[in-house]
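See below for the structure under consideration.
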Amino acid sequence: MLSNTPLGMTIEDFKAGFSKIRNRVVARTFRELGMMEEWGSGYKRVVDFCRQNGYPLPEWQEVGPALRVTIYPHPEVLESFTPPVTPPQLPPQLKGYCKHVKKH
């Protein structure tokens, strides 16, 4: 249950588009600035955008009195920033030991 949301709203309610205005001034301001299309549409718009553009779905979690949304980078971005994997190097003192073990 989202403890910082009105009327005991659950994450399932949130994902289903249930909306209850907590601060009418902030809601009206966002609406007038064009930052909000319709009540309760945010979750669906974020998920639809991710699916249509190849992003992993975000993770939604209740954290105390807040909702944490983790948005992951596009897989192509991850591939371009992943350093190449290099095999681990043995310390010089172990190299001789390994050669000895291989011979015997």
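Read the figures in this text as sums done on the coordinates, not as results from a lab. These numbers come from a predicted model, not from an experiment. Cβ: placed from backbone, ideal geometry, glycine included. Neighbour counts: every protein chain shown.
Could you pull out every one of the aspartates and glutamates with an alpha carbon less than 20 Å from that of Lys44, ignoring same-chain neighbours closer than 8 positions? Reachable aspartates and glutamates: Glu12, Asp13, Glu59, Glu62. Per-peptide packing, taken as the mean over residues of other Cβ atoms within 10 Å, places 26-35, 9-18 in the sequence 9-18, 26-35 from highest down. Highest mean packing comes first when the peptides 74-81, 53-60 are listed by Cβ atoms within 10 Å, giving 53-60, 74-81. Each label was represented as a point 7 Å from its Cα along the Cα-to-Cβ direction; for Val46 and Ser80 these points are 2.4 nm apart.
May I ask you to derive the FRET efficiency for Ala66 and Glu32 from their Cβ-Cβ distance with R0 = 30 Å, giving the value to the nearest 0.05? For R0 = 30 Å, the calculated efficiency reads 0.75.
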